Amino acid sequence: MSARIQPSILAADFVNLEADVVRIATADAVHVDVMDNHFVPNLTFGPQMVGRLQAVASIPLDVHLMISDVDRWAPGYAELGVFSVTFHAEATDAPVALARRLREIGARAGIAVKPGTALEPYLELLPEFDQVLVMTVEPGFGGQGFMADMMPKVAAARAAIDAAGIDVWLQVDGGIALDTIGQAAEAGADTFVAGSAVYGAADVETAIADLRAAAERHAH
């Protein structure tokens, strides 16, 4: 497995955001957390900021929408030209229709579930998606502790993906660091969002390489 490392700019310096995006050029994507202070109790970026990041980033943008009413708002993010748009299962009335719309526009479509949301109702829908995101913290804030009890959910997603023989990336987000990424990789994750573990490091490029190597050592 080639592990994908996607640093979250939630941990970046917002005053020097362009420079902090440039610093992670050896990563596989920029993970952009969009929060609306409604679906989650925090407020971050909107379409204008994501559009500017899309214009300056040298690596793909992986947009994670932690917002309400994604059926209305998610297509607009895809129209910005980003690589991937992930929306929460809890925020949509029509996940398959929305995924098909995102793909039609040209973005990869991802579905995310909070820690308290069962994954089983969505497993049979996985062929409609390019990515499934299992949250390993409660969404809304960076710097939280990794929830190891989410690993059975990751394993269930991996089993369903493998059984169906489909190319769906399995992403984890929350508390990913050198001491936790191995657990997630062993459970079957192949795409890892890391915030503080990258931006809090003295050498960002080395941190990305070390995370990737640690994940690949424990690959499912």
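Some observations on this one:
- For segment 50-66, the condition holds for no residue, the condition being that it is assigned to a helix (DSSP H, G or I) and in contact with a Pro (Cβ under 8 Å, 6 or more places away or on another chain).
- Restricted to segment 188-208, and to residues there that are touching a Ser or Thr at 6+ places or on another chain (Cβ under 6 Å) and more than 11 Å from R4 (Cα to Cα), the residue that is surrounded by the fewest Cβ atoms within 10 Å (Cβ to Cβ) is E205.
- Scanning segment 59-75 for residues that are of a type in the set (D, E, K, R) and out of contact with any helix residue (DSSP H, G or I) (no Cβ under 9 Å at 6 or more places or on another chain) turns up D62, R72.
- The residues of segment 117-146 that are of a type in the set (A, V, I, L, M, F, W, C) and under 17 Å from the mean Cα position of the chain (by Cα), listed by number, are L119, L126, F129, V132, L133, V134, M135, V137, F141, F146.
- Condition met for S2 (open to solvent by 70 Å² or more (accessible area, probe 1.4 Å) and not charged (D, E, K, R)): yes
To keep it simple, each residue is scored yes or no on (1) assigned to a strand (DSSP E or B); (2) open to solvent by less than 30 Å² (accessible area, probe 1.4 Å); (3) more than 25 Å from A99 (Cβ to Cβ); (4) touching a strand residue (DSSP E or B) at 6+ places or on another chain (Cβ under 8 Å).
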{"position": "A155", "(1), (2), (3), (4)": "no, no, no, no"}
{"position": "D162", "(1), (2), (3), (4)": "no, no, no, no"}
{"position": "I166", "(1), (2), (3), (4)": "no, no, no, no"}
{"position": "I176", "(1), (2), (3), (4)": "no, yes, no, yes"}
{"position": "D179", "(1), (2), (3), (4)": "no, no, yes, no"}
{"position": "E186", "(1), (2), (3), (4)": "no, no, yes, no"}
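- Check on L133, touching a residue at least 60 places away in the same chain (Cβ under 8 Å) and within 20 Å of E90 (Cβ to Cβ): yes
- Taking the criterion of being open to solvent by 20 Å² or more (accessible area, probe 1.4 Å), in a loop (DSSP other than H, G, I, E, B), at pLDDT 95 or above and under 19 Å from T86 (Cβ atoms), the only residue of segment 9-49 that qualifies is D28.
- Residue list for segment 96-116, restricted to those being under 17 Å from the mean Cα position of the chain (by Cα) and open to solvent by less than 30 Å² (accessible area, probe 1.4 Å): A99, L102, A107, A109, G110, I111, A112, V113, P115
- When residues of segment 125-145 are limited to those that are at pLDDT below 95 and either of a type in the set (D, E, K, R) or open to solvent by 30 Å² or more (accessible area, probe 1.4 Å) (or both), the one farthest from G182 (Cα to Cα): F141
- The set of residues in segment 67-88 that are assigned to a loop (DSSP other than H, G, I, E, B) and either surrounded by fewer than 19 Cβ atoms within 10 Å (Cβ to Cβ) or in contact with a strand residue (DSSP E or B) (Cβ under 6 Å, 6 or more places away or on another chain) (or both) comprises I67, S68, D69, E79, G81, V82, F83.
The values are calculated or read from the model by the stated rules, or taken from the named source; none is laboratory data. All figures in this text were calculated on a predicted structure; none of them were measured in a lab. As a convention, Cβ positions derive from the backbone with ideal geometry for all residues, glycine included, and neighbour counts pool all protein chains shown. The protein model used for the area step is the full one, side chains on, heavy atoms only, and it has no ligands, DNA or RNA in it. Shrake-Rupley method; radii C 1.70, N 1.55, O 1.52, S 1.80 Å.
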